[in-house]
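In what follows, a structure is listed as C-alpha cells, so that the remarks can point back to it.
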Amino acid sequence: MNYCTVPLHRFSKVTSIRQGVLTRIYREIAVKKGSSPQLLIISIEKIKKVGEEMGLDENTIVRAIELYKETKTNSALSGKNPFVLAATCLYAASLETSEVVTEEEIAEKFNVTTASIRNVLKESFFSEKGFKPRKPKFARENILQELIPELPGIYEGIVFYQLGPKLHRCFKEKLKGLAISNKTLYWALKRNEKVKVTPGIKCPMKRREFNCFNCEENLFFDPCKYFVVRLIQ
C-alpha cells in the first residue's frame with residue numbers, strides 16, 4: 001500500500017462520506033494489507049538522514065528505528081502518516097537518550113507539524129512506554145532581536161508565521177534545543193528598531209496597525225501570522 005499525500009478530508013468532501021468513516025476504512029485496509037516494504041525503507045532512511053543531519057547520537061538513531069519498526073505491528077497506528085510516525089519515534093528516542101532536541105526542529109526536518117508529533121506521542125504505544133514531551137526551553141527575546149535582522153530574505157520581507165522555522169533553519173547552533181514562543185517573537189519584533197512590520201496581503205485586517213488591540217489579544221490567530229517583517233532601509 002503506497003502512502004497518499006491527499007488528505008482524507010478532500011476525499012470526504014468529494015464523496016460525501018464522513019471523514020471518520022473513511023479513516024476507519026483506511027485503517028482496516030492498512031491492517032489487512034500491511035505497510036509497503038518500500039515505504040518502511042524510505043521512512044527508516046529518513047530517520048537516519050535526519051538524525052545524522054541533526055548530529056544526534058547513533059544510539060538515538062538506532063532506538064528511533066527500533067521504535068518505528070515496532071509501530072508497524074500496532075493496529076492503532078496503522079492509519080497514521082508514516083513520516084509523522086518516523087518524526088515521533090526520533091523525538092521519543094531523543095527523550096530516552098536525553099538528547100537536547102526540540103519538537104520544532106524535528107518537525108521541520110520531516111515537514112510535519114509539532115501538533116502531529118504531540119498527538120501521536122499521546123497514543124498508548126508511546127504513553128505506556130513512559131514517553132512524555134519534555135518541557136521546552138525557550139529562546140530569550142534579546143537573542144531573537146539580535147538574529148531577526150540577520151535573516152536571509154528579511155530585506156524583501158518574511159511573513160510572521162514563517163519567522164520561527166526560518167530562525168531555526170538559519171541559526172541551528174545558536175538556537176539548538178530552544179523553542180521559539182510566538183509571544184516572545186511578537187515582542188522581539190515590536191521592540192526591534194531594525195525592522196518594521198506591516199499587514200500582509202492575506203491579512204483580514206489590512207487597515208489595522210501592528211500594535212492594534214485585535215492583534216495583541218489574538219496573538220496566536222489571525223491576523224498576526226500574516227504580518228510581514230522587513231528590514232528598515
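Assorted remarks:
- If you go through region 84-103 and keep only what is more than 14 Å from Gly51 (Cβ to Cβ), at pLDDT below 90 and buried (at least 19 other Cβ atoms within 10 Å of the Cβ), you end up with Thr102, Glu103.
- Every residue from region 185-207 that is surrounded by fewer than 17 Cβ atoms within 10 Å (Cβ to Cβ) and either modelled with pLDDT of 80 or more or out of contact with any Pro (no Cβ under 7 Å at 6 or more places or on another chain) (or both): Trp187, Lys190, Arg191, Glu193, Lys194, Lys196, Thr198, Ile201, Lys202, Arg207
- Matching entry among Phe210, Phe221 (being within 20 Å of the chain's Cα centre (by Cα), modelled with pLDDT under 70 and outside any helix (DSSP H, G or I)): Phe221
- Among the residues of region 57-82, those that are at pLDDT below 90 and farther than 20 Å from Ala115 by Cα comprise Lys72, Thr73, Asn74, Ser75.
- Search result, residues across region 120-163 that are in contact (Cβ under 8 Å) with a residue 40 or more places away in the chain and basic (Lys, Arg): Lys137, Arg140
- Selection status of Asn119, assigned to a helix (DSSP H, G or I), in the same structural domain as Glu45 (by TED's automatic domain parsing) and surrounded by fewer than 18 Cβ atoms within 10 Å (Cβ to Cβ): yes
- Single residue of Lys137, Lys183, Lys190 found to be farther than 30 Å from Gly79 by Cβ and touching a Gly at 6+ places or on another chain (Cβ under 7 Å): Lys137
- Filter pass, Ile148 being assigned by TED's automatic domain parsing to the domain that holds Lys172 and either in a loop (DSSP other than H, G, I, E, B) or of a type in the set (Val, Ile, Thr) (or both): yes
- Scanning region 104-116 for residues that are at positive phi and either part of a helix (DSSP H, G or I) or buried (at least 22 other Cβ atoms within 10 Å of the Cβ) (or both) yields nothing.
- Sole exception among (1) exposed (fewer than 15 other Cβ atoms within 10 Å of the Cβ); (2) on the phi < 0 side of the Ramachandran plot; (3) modelled with pLDDT under 85 for Pro152, by number: (3)
- Filter result (among the β-branched types (Val, Ile, Thr) and either in contact with a helix residue (DSSP H, G or I) (Cβ under 9 Å, 6 or more places away or on another chain) or part of a helix (DSSP H, G or I) (or both)) within region 44-81: Ile44, Ile47, Val50, Thr60, Ile61, Val62, Ile65, Thr71
The values are calculated or read from the model by the stated rules, or taken from the named source; none is laboratory data. These numbers come from a predicted model, not from an experiment. A quick note on method: Cβ atoms are made from the backbone with ideal geometry, for glycine too, and the neighbour counts reach across all protein chains shown.
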